[in-house]
1. Report the extension gain between Phe118 and His142 in nm, rounded to one decimal, defined as 0.36 nm multiplied by the number of residues separating them, less their alpha carbon distance.
2. Over the residues of the stretch 39-84, compute the C-alpha Rg and express it relative to 2.2 N^0.38 Å.
3. What's the carbon and sulfur percent of the stretch 99-152's accessible surface, probe 1.4 angstrom, rounded to a whole number?
4. If each of Ala99 and Asp67 carries a label point 7 Å out from its Cα toward its Cβ, how far apart are those two points in nm?
5. Note down the accessible area of Arg5, probe 1.4 Å, to the nearest 10 Å².
6. Considering only the other residues whose Cβ falls under 10 Å of the Cβ of Phe80, what net charge follows from Lys and Arg at +1 and Asp and Glu at -1?
7. Assuming 0.36 nm per residue, please report the length gained on full extension of the stretch Ser133 to Asp40 beyond their Cα-Cα distance.
8. Please list Arg8, Arg136, Arg44, Arg73 from largest to smallest accessible area, probe radius 1.4 Å, with all protein chains kept in place.
Amino acid sequence: MRERRASRAARRDREFEAFVAGAAGRLLHTATLLTAEAPDGNPRARRLLTLSLAHTYAGWDRLRGEDPYDHTRQYLATRFARGAWHHHGALGRSRPHPASPLAPLPPQERLILVLRLFEGVAEEQTAALLGLSTDRVRAVCHRATTTLLHRARGPATPVTAARAVPS
C-alpha cells in the first residue's frame, strides 16, 4: 500500500515538474504584465506565480483531464483581481514600474487586456472568470487599447490655421 502511494506521489511530482518546466516562463511573463513590474525586478509577480502554482499542485489529482495551464492562469487572474480590489486604495507598495508598457492602466484594465490580447482568452470566458458582462469586457479592453495607443503616439501637435498675409 505504501509503495503504491509513494509511486503515485512520485508520478504526480514528475508530472507537475514537467508542467512547471514548460509553462512557468509564460505564466511569469503574464504575472509580470499584470503587476506592471520590471521584468528583471518582479517580486509581486513571482509571489503571484508561486501562489498559483502551489494552488495547482494542491489540486493536481483533481484536474482529471483539465488543462493545468488554464487552471493556473485562472487562479493567477482571480488572485490578482482580488488583490487589486483589496489594495486599490493603497497602491503605494504596488505602484507599476514606469518602464512597464502597461503602467498607465489601472489593474482591471491590465487584467482584461492581458487575458484577452496576451493570453488569447475569449471575451465570454474572460467575462465569466471576472463576473462581468461580455459588453463590459469589450468596453474595458477597447478603452485600455485606446489608452496605450494614444500614449504610444505621444501628444498630438496642434493644428494652426494658416493666416492670409496682407499684401
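1. Working: separation 24, 0.36 × 24 = 8.64 nm, distance 1.43 nm.
Length gained, Phe118 through His142: 7.2 nm.
2. Values: Rg = 11.4 Å, N = 46, 2.2 N^0.38 = 9.4 Å.
The reported ratio for this selection is 1.21.
3. Ligands and nucleic acids excluded, carbon and sulfur reach 58 percent.
4. 3.2 nm
5. Around 140 Å² of this residue is reachable by solvent.
6. Working: positive: Arg44, Arg79, Arg82, Arg110; negative: none.
Within the 10 Å Cβ shell, the charges total +4.
7. Values: separation 93, 0.36 × 93 = 33.48 nm, distance 3.53 nm.
Here the segment from Ser133 to Asp40 would lengthen by 30.0 nm.
8. So the residues, ranked largest to smallest area, are Arg8, Arg136, Arg44, Arg73.
The values are calculated or read from the model by the stated rules, or taken from the named source; none is laboratory data. Bear in mind that the values here come from a model prediction, so they are computed numbers and not experimental data. Glycine gets a Cβ as well: all are built from the backbone with ideal geometry, and neighbour counts include every protein chain shown. Accessible surface is based on the protein model in full, side chains and every heavy atom, while ligands, DNA and RNA are left aside. Shrake-Rupley method; radii C 1.70, N 1.55, O 1.52, S 1.80 Å.
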